[in-house]
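Working notes, beginning with the structure itself.
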Amino acid sequence: MLVGKADFSEIARGLISGIQEGMLKIVCDAEGRKVLGVMIVGEGATELIHIGQMAILAQADVDLFVESVFNFPTLAEAYRVAALSIIGQRTSNRQAY
C-alpha cells in the first residue's frame, strides 16, 4: 500500500487563509495505482471528501488527481499534491529493482 500526504499548511489556500492544521491522505494499492481510501482532517474536510469518494466509486487511478484541473487556490489542490507523492513513490520503487 502506498500513501500520499498533503499538509494544508503547504497548500496555497492554506497559506493564504492561515490554515496551519489539517491534511489530506490518499491510500492506494501496493502498485500505487488504484485509490483505496481518502482521509481528511481539518477545516474544509466536509467540502473535500466527496472528491475522494467519487474517485473510489469510479475505481479511478491516482493519476486522475494530477491530470484533472482544480480551482486555484483551493484546499482541493491537496489531492494533486498527495497524488504526486504517490507517483513519486511509485517511481522510486521501480528504480529500486
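Details
- Value at 222 nm in deg cm²/dmol, rounded to 500, when DSSP H runs of n ≥ 4 in the chain each add -39,500 (n - 2.57): -13500 deg cm²/dmol
- Mean projected area in nm² (Cα convex hull; one quarter of hull surface) for segment 2-96: 5.6 nm²
- Taking the empirical scaling 2.2 N^0.38 Å for compact globular proteins as reference, segment 1-53 has a Cα radius of gyration ratio of 1.19.
- Per-residue ³J(HN,Hα) for segment 48-53, Karplus 6.51 cos²θ - 1.76 cosθ + 1.60, θ = phi - 60°, Hz, x for Gly and Pro: 10, 4, 4, 5, x, 4
- For Thr74, the residues 5 or more places off, or on other chains, whose built amide H falls under 5 Å of its own are Arg13.
- Alpha-carbon centroids, segment 31-78 and segment 11-30: separation in whole Å: 11 Å
Here, each number is a calculation from the coordinates, and none is a lab measurement. Treat the numbers as computed from the prediction; the structure is a model and nothing was measured.
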